[in-house]
Amino acid sequence: MKILFGSRVAPYKTDKEFIEQLIKAYPNIEFCLSLDENHEEKEIVTSDVYYGVPSEKVLLAVSEKLKWVHVPGTGIDGISNQEFIDSDIILTNCPQAHTKPMADHVMGMITNLAHKLWEQRDFQREHVWAHEKYKRAGKFNDDSFVDLSETTLGIVSMGGIGRQITQRAKGFEMDIYAVDKYPSDPPEGVSQIWGLDKLDDLIQISDWLVITSPYTHETKGLINEKHLHLFKPSS
């Protein structure tokens, strides 16, 4: 068996010890480390397994020998070659690879907007004490912070990232609603998980809307101009 590590996602460039351990642990497997796209295009013809994110050029060189492509991340939208999609080659990904960091980032952005942290950072640099500007608590007022416990968070797609966001949003006592292609019983802290037919309703009640669905042919254009007019002015 021959496993080809793609040049676009190459762990051996930063973790040579890991690759050496693989070679030692599996002496009967040939590990091929791509140097660049041209080298990769040549080697994939004789490979059984590909690890990485293949370019369109590399996919065009795929032979019948290739049985499995594994993408070391969540998104697979970078693979759009229809001939490859229609083939019998197995395509897998790492669905839980970045769920927690993504959820942390989402809550960080929400907190940043709710408490105008970018303004406070600038005031700090300028050595300005502007506490009077933020003396009032309120909801989406130009001169106040937003109390997150008085807001509603809408989540589109309750997969791994959506559920991790839920765990964090519960700590802020936010009201949480969601829609999903496969609606199910809501986990603790979530009021409802509706089907996608309730997307308009979700947008209309949400102060914050987080889209965590994968980018596919089905989800492309999921939020369009019509939906933008459904948001609250303060969302």
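Taken together, the values in this text are just the output of simple stated rules run on the coordinates, not laboratory data. Please read these numbers as outputs of a predicted model, since none were measured by experiment.
Structure data summary
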quantity: Relative contact order of the chain, defined on C-alpha pairs under 8 angstrom at six or more residues apart (%); calculated: 13 percent
quantity: Long-range amide H partners of Trp68 with built H, under 5 Å; calculated: Tyr50, Ile90
quantity: Residues with amide H under 5 Å from that of Trp194, placed H, sequence gap 5 or more; calculated: Ala178, Val179, Asp180
quantity: Stokes-Einstein D in µm²/s, Kirkwood radius over Cα pairs - the range 94-195 at 4 °C with 1.567 mPa s viscosity; calculated: 86 µm²/s
quantity: Angle in degrees between helix 99-114 and the longest Cα principal axis of the chain, rounded to the nearest 10; calculated: 30 degrees
quantity: ³J(HN,Hα), Karplus 6.51/-1.76/1.60, whole Hz, each residue of the range 209-224, x for Gly, Pro; calculated: 10, 10, 9, 10, 6, x, 7, 9, 4, 6, 9, 4, x, 4, 9, 10
quantity: Residue-wise HN-Hα coupling along the range 16-32, computed from phi with Karplus coefficients 6.51, -1.76, 1.60 (Hz; x: Gly, Pro); calculated: 5, 4, 4, 5, 4, 5, 4, 4, 5, 6, 10, x, 8, 9, 8, 9, 10
quantity: Within the chain, helix-based [θ] at 222 nm, where runs of 4 or more DSSP H residues each add -39,500 (n - 2.57), nearest 500; calculated: -8500 deg cm²/dmol
quantity: Debye intensity ratio I(q)/I(0), log10, the range 2-92, q values 0.11 Å⁻¹ (C-alpha model); calculated: -0.28
quantity: Prolate/oblate/rounded label for the chain (Cα gyration tensor, a/c 1.5); calculated: prolate
quantity: Phi-based couplings in Hz for the range 175-188 (Karplus 6.51, -1.76, 1.60; Gly and Pro marked x); calculated: 7, 10, 10, 8, 10, 8, 4, 10, x, 9, 5, x, x, 4
